[in-house]
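Comments concern the structure below.
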Amino acid sequence: MGLYGPPNGGKTTLANRICEDWLGETMGSVSRIAHETREIQIKEQIVVKSGNKELMFNLVDTPGIATKIDFEDFMKSGMKKEEAKKRAKEATKGVISSIKWLDEMDAVVVVLDSTKDPYSQVNITIVGNLAARNIPVLIAANKVDLKKSNIEGVKEAFPQYDVIGISAKYGNQLEDFYAALFKLLD
Ligand SMILES: Nc1nc2c(ncn2[C@@H]2O[C@H](COP(=O)(O)OP(=O)(O)OP(=O)(O)O)[C@@H](O)[C@H]2O)c(=O)[nH]1
Ligand SMILES: [Mg+2]
């Protein structure tokens, strides 16, 4: 099962929470600066339990997909030019590997920041690509702990999918998320 989405939606935060809940360890580093994840990360054979049911999957955290990567944006976050250029180059490679890895996915959770406009070019591209490949999709409308969060907006943008509002950071509605995951992977 893969976690896909634009940068900063909270993929790695969610991956860490799933790993903490079921393995007792974390998976990757989280940052408020975009493109923190620039290489595919895999945790194998995670076992999730719900009632008397059990689910096993490999969890793949992917680099955020973007249509534009500009090193100057990283400089605005306080990075030096060399470091910013290196991050931009790695981020571009990361986007390509995320897309390549779609071939390996049996199911995908699209992690979106529910405080942001769901109709972005990137979101539409990601969801369209998954639909074209017939990959089962669950949408996690993340960051419901924030005031600006708008789950209904995400539901309206993607009416054909199951949308679950969660806070990966604080653990809100994670039971609903796991229940939806059972439905997705069963
Ligand atoms: N308030 C709030 N912040 C969150 C939540 N989930 C993630 N964040 C924050 O959002 C930022 C990005 O989180 P990441 O988990 O690194 O996001 P990502 O999707 O892995 O980003 P990339 O690796 O860049 O693609 C960090 O500052 C997180 O602390 C959430 O549920 N609520
Ligand atoms: Mg990440």
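Each reported figure results from applying straightforward, stated rules to the coordinates on display, with no laboratory input. Bear in mind the structure is a predicted one, so any value in this text is a computation, not a measurement. Here Cβ is always computed from backbone atoms with ideal geometry, including for glycine, and neighbour counts include all displayed protein chains.
From helices alone, the chain scores -11500 deg cm²/dmol at 222 nm; the rule is -39500 (n - 2.57) for each run of n ≥ 4 DSSP H residues, then divide by the residue total.
Residues ASP113, ASP186 in ascending order of nearby Cβ atoms (within 10 Å, fewest first): ASP186, ASP113. Normalising by residue count, region 45-110 has a Cα convex hull of 122 Å³ per residue. Loop-located GluC sites (Glu not before Pro) in region 24-73 (DSSP state not H, G, I, E or B) with no more than 16 neighbouring Cβ atoms inside 10 Å: GLU25, GLU39. For trypsin sites (Lys or Arg not before Pro), the sites in region 19-61 that DSSP calls loop and that have at most 10 other Cβ atoms within 10 Å are ARG32. A DSSP coil position with no more than 15 other Cβ atoms inside 10 Å describes the following trypsin sites (Lys or Arg not before Pro) in region 99-186: ARG133, LYS147, LYS148. Using alpha carbon centroids, what distance separates region 54-90 and region 3-50, in Å? Using only Cα atoms, the two centres lie 14 Å from each other. Given in Å, the Rg to one decimal and the Dmax to the nearest whole number for the Cα atoms of the chain are 15.8, 54.
Between MET75 and LYS183, take the C-beta separation as r, use R0 = 45 Å, and let me know the FRET efficiency to the nearest 0.05. According to the calculation, E is roughly 0.55.
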